[in-house]
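Peer 1: Have a look at this one before I ask anything.
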Amino acid sequence: MTGGWDLRAPCRGRDGFTVREDDWKTGADLKRLCGPQLATCGPCPFHAVCIATVKPAQAKFDGIAGGRLWCNGEVIDALDDVSDEELTEPKLRASCGTEAGAKDHIRHGERPCPSCRQAAREMTARRKTEKAKEPKQLQLEFATS
Ligand code: SF4
Ligand SMILES: [Zn+2]
């Protein structure tokens, strides 16, 4: 069915990647129950195909897929080094074109759309420029005091 990638995945035969409906109520419960298994996805080369197969956002999935922990189809935790490239195609929303839009995509398990990526890049660049100014201001304050 899946071309055998799942047979070679590090999670094969391991428990704790999903939870029984009765065992949890909140995202914190999911983090407690599934969180420890997240590290298993670290060396797994199948993040993208795992997400494309499980379709966590669409399926309102609860548990671990593709190096992320999902709660009701939204990402609530992830490995540090996961890439947005692994996520599915974005849905366009009213928030698109803003940094918040980019976060909305990520929460819904999607790769940010081009206009959200652009907005996020601009915001990062602006933050960097602002940060670069900080030491100078400090120096000035010292120089004048
Ligand atoms: S990404 Fe994680 S859940 Fe998906 S196949 Fe790999 S180890 Fe399993
Ligand atoms: Zn967008």
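The values are calculated or read from the model by the stated rules, or taken from the named source; none is laboratory data. The structure presented is a predicted model; accordingly, all values stated were derived computationally and were not measured. Neighbour counts run over all protein chains shown; Cβ positions are idealised from the backbone, glycine included.
Peer 1: Those residues that are in contact (Cβ under 8 Å) with a residue 24 or more places away in the chain and either on the phi > 0 side of the Ramachandran plot or of a type outside the set (F, W, Y) (or both), I need them from the stretch 67-77; list them, please.
Peer 2: G67, R68, L69, C71, G73, E74, V75, I76, D77
Peer 1: Let me ask something additional. Could you say whether any residue in the stretch 5-18 is under 19 Å from G73 (Cα atoms), free of Cβ contacts under 8 Å to residues at least 60 places away in the same chain and within 19 Å of the chain's Cα centre (by Cα)?
Peer 2: Within the stretch 5-18, one or more residues are under 19 Å from G73 (Cα atoms), free of Cβ contacts under 8 Å to residues at least 60 places away in the same chain and within 19 Å of the chain's Cα centre (by Cα).
Peer 1: In the stretch 71-117, what count of residues is obtained for those that are loosely packed, with under 14 Cβ neighbours inside 10 Å and over 18 Å from the mean Cα position of the chain (by Cα)?
Peer 2: Result for the stretch 71-117: 1.
Peer 1: Here's another thing I want to ask about it. How about the stretch 11-114: which helices (runs of 4 or more DSSP H) wholly inside it have at least 3 residues that are over 30 Å from R126 (Cβ atoms)?
Peer 2: 27-34, 47-54, 56-59
Peer 1: List pairs: first in the stretch 34-52 and not assigned by TED's automatic domain parsing to the domain that holds D15, second within 16 Å of ligand 2 (Cβ to nearest atom) and not in a loop (DSSP other than H, G, I, E, B), Cβ under 8 Å, 6+ apart or cross-chain?
Peer 2: Nothing qualifies.
Peer 1: Now, a different point. Quick one: in the stretch 56-66, of everything that is on the phi < 0 side of the Ramachandran plot and surrounded by fewer than 16 Cβ atoms within 10 Å (Cβ to Cβ), which residue is nearest to ligand 1 (Cβ to nearest atom)?
Peer 2: A59
Peer 1: If T53 passes every condition in (1) surrounded by 16 or more Cβ atoms within 10 Å (Cβ to Cβ); (2) closer than 20 Å to D80 by Cα; (3) touching an Asp or Glu at 6+ places or on another chain (Cβ under 9 Å) but one, which one does it miss?
Peer 2: Of (1) surrounded by 16 or more Cβ atoms within 10 Å (Cβ to Cβ); (2) closer than 20 Å to D80 by Cα; (3) touching an Asp or Glu at 6+ places or on another chain (Cβ under 9 Å), only one is false for T53: (2).
Peer 1: Right, something else. Filter the stretch 1-37 for residues that are near ligand 1 (Cβ under 8 Å from one of its atoms) and of a type in the set (A, V, I, L, M) and give the result.
Peer 2: Of everything in the stretch 1-37, just one residue is near ligand 1 (Cβ under 8 Å from one of its atoms) and of a type in the set (A, V, I, L, M), namely A9.
Peer 1: Just give me the residues in the stretch 113-127 being small (G, A, S) and within 13 Å of ligand 2 (Cβ to nearest atom), in sequence order.
Peer 2: S115, A119, A120
Peer 1: Is it true that Q118 is part of a helix (DSSP H, G or I), at pLDDT 95 or above and out of contact with any Cys (no Cβ under 6 Å at 6 or more places or on another chain)?
Peer 2: Numbers: part of a helix (DSSP H, G or I): yes; at pLDDT 95 or above: yes; out of contact with any Cys (no Cβ under 6 Å at 6 or more places or on another chain): yes.
Yes: the conditions hold for Q118.
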